[in-house]
Amino acid sequence: MHHIPGCSRIRWFAIVNHSAADNSAAAEWSLTERSLREKGIEIETAFATHRYHAVELTVAAVRKGIRHIIAVGDATTLHEIVNGLFIQQTVPAAAVTLGILSEGGCGIDAVPTTIPEAVTAIASGVVVSHPVATVSYHQSRYRQERMLVAGAGMGLYACLTARLARLREEGTDNRLRRFLVAVRTVLTYRFPLVRIHADGRLVFTGRVTGAKVTITPQEEPAGSDAARMTVSVTPRTNRMKLLCRTASLLRGTSPDSASSPTFRGNDIRIAAEGRFALEAEGHPLGEAPVAFRTTGATVSLAVPAPATDNPMEYEPPRPRKRPLSHPAREIRPPLT
């Protein structure tokens, strides 16, 4: 954790994604921009109008010398910006500070879930490093790879994410259509037989509704091999229960997540007999076989200041030396 020196004098580049699924943050951008300016933050704004446009804007911005970017939208906006940071070759990805304005959060615990809190976090100047993982998958028979900063979902919810994205692209998105698409997805979903390996060890076999992979900061000392990914599995679920939870599915809540088997690893591989779709931070991608790997790379995220407004107080205390059982002798330099 560190502070950005002269934060109020830094010019931030805001990428506003109006094509995001949850565009409440983008819709209120004029009010949010005013709040940022009132806190002394200078803003330059660009609008992402189509899928992967935020990737292009990020690459161009970094090449122009911008080192502070705000993602305005949902998790898909953050996903595109992070991948743009790893595409550009001008500076290391961690050299660019990311602020995130997303109503409801983006799947990262350290990021505020309300716009006012997120504005305060950006103005605070406090930055933390967050780990990044890769996900490789198959799409149209070709193997592809993306960077992940929050996580990914597979199975029923990934199928629903793809169908809802198609509604938005066609311009036919409304509450009734979303509900009907969700019901149809539940009724037609086939529960595939899935095998999950964590760090080379088979940890799960069975028919599932879905699986969710999350990335969390490493709490152990740097250089250790502690896992930073968690995969939670939702076994096959009764369709009637799923239909009763249609509203939860539309909000992105996995069914029976509290009782799901959970496994950890640095290298997670998922194979399936049958179609097992993948979505990464709101982006529908391909399908299994899928491999997740920690990379050791990080991105820099703007977060709220600690309660004491002194991040140094959050460092673990150093162990005290044991008191000497006898008075220390005075050591004098040799005479010359």
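The values are calculated or read from the model by the stated rules, or taken from the named source; none is laboratory data. Being a predicted model, the structure only gives us computed values, none of them experimental. Counting neighbours? That spans all protein chains shown, and the Cβs are built from the backbone with ideal geometry, glycine included. Ligands, DNA and RNA are stripped out before the accessible areas are found, and what is left, the full protein with its side chains, is counted by its heavy atoms. Shrake-Rupley method; radii C 1.70, N 1.55, O 1.52, S 1.80 Å.
Considering only the range 267-279, how many residues are out of contact with any Leu (no Cβ under 6 Å at 6 or more places or on another chain) and either free of Cβ contacts under 8 Å to residues at least 60 places away in the same chain or part of a strand (DSSP E or B) (or both)? Before the answer, list the steps.
Kept after step one, since they are out of contact with any Leu (no Cβ under 6 Å at 6 or more places or on another chain), are these residues of the range 267-279: 267-272, 274-277, 279.
With the extra rule that they be either free of Cβ contacts under 8 Å to residues at least 60 places away in the same chain or part of a strand (DSSP E or B) (or both), the set shrinks to 267-272, 277, 279.
Residues in the range 267-279 being out of contact with any Leu (no Cβ under 6 Å at 6 or more places or on another chain) and either free of Cβ contacts under 8 Å to residues at least 60 places away in the same chain or part of a strand (DSSP E or B) (or both): 8 in total.
Residues T76, T113: which one is under 21 Å from T161 (Cβ atoms), β-branched (V, I, T) and open to solvent by 20 Å² or more (accessible area, probe 1.4 Å)?
Working: T76 fails: open to solvent by 20 Å² or more (accessible area, probe 1.4 Å).
That would be T113, the only listed residue that is under 21 Å from T161 (Cβ atoms), β-branched (V, I, T) and open to solvent by 20 Å² or more (accessible area, probe 1.4 Å).
Of the residues A277, A271, A291, which single one is among the hydrophobic types (A, V, I, L, M, F, W, C), within 27 Å of L176 (Cβ to Cβ) and at pLDDT 90 or above?
On the way: A271 fails: within 27 Å of L176 (Cβ to Cβ); A291 fails: within 27 Å of L176 (Cβ to Cβ).
Criteria check complete, one pass: A277.
Can you tell me how many residues within the range 63-75 are modelled with pLDDT of 90 or more and assigned to a helix (DSSP H, G or I)? Walk me through how you get there before you give the answer.
First pass over the range 63-75, keeping only residues modelled with pLDDT of 90 or more: 63-72.
Narrowing the set further to residues that are assigned to a helix (DSSP H, G or I) leaves 63.
Of the residues in the range 63-75, 1 are modelled with pLDDT of 90 or more and assigned to a helix (DSSP H, G or I).
Of all residues in the range 127-149, how many are touching a residue at least 40 places away in the same chain (Cβ under 8 Å), among the hydroxyl-bearing types (S, T, Y) and loosely packed, with under 15 Cβ neighbours inside 10 Å? Spell out the reasoning first.
Quick first cut of the range 127-149, residues touching a residue at least 40 places away in the same chain (Cβ under 8 Å) only: 127-140, 144, 146-149.
Within this subset, residues satisfying the condition of being among the hydroxyl-bearing types (S, T, Y) are 129, 134, 136-137, 140.
After this cut, where a residue has to be loosely packed, with under 15 Cβ neighbours inside 10 Å as well, the list is 140.
Of the residues in that region, 1 qualify.
Checking the structure you have, find out if any residue of the range 76-93 is assigned to a strand (DSSP E or B), farther than 24 Å from G171 by Cα, at pLDDT 85 or above and under 22 Å from the mean Cα position of the chain (by Cα). Checking the range 76-93: not a single residue is assigned to a strand (DSSP E or B), farther than 24 Å from G171 by Cα, at pLDDT 85 or above and under 22 Å from the mean Cα position of the chain (by Cα). Pairs meeting the criteria (first residue in the range 161-182 and under 17 Å from A75 (Cβ atoms), second residue assigned to a helix (DSSP H, G or I), beta carbons under 7 Å, at least 6 apart or on different chains) are L164/R178; L164/V181.
When the range 49-67 is examined, which residues are found to be closer than 21 Å to E28 by Cα and either open to solvent by 20 Å² or more (accessible area, probe 1.4 Å) or not aliphatic (A, V, I, L, M) (or both)? T49, H50, R51, H53, L57 - these are the residues of the range 49-67 that are closer than 21 Å to E28 by Cα and either open to solvent by 20 Å² or more (accessible area, probe 1.4 Å) or not aliphatic (A, V, I, L, M) (or both).
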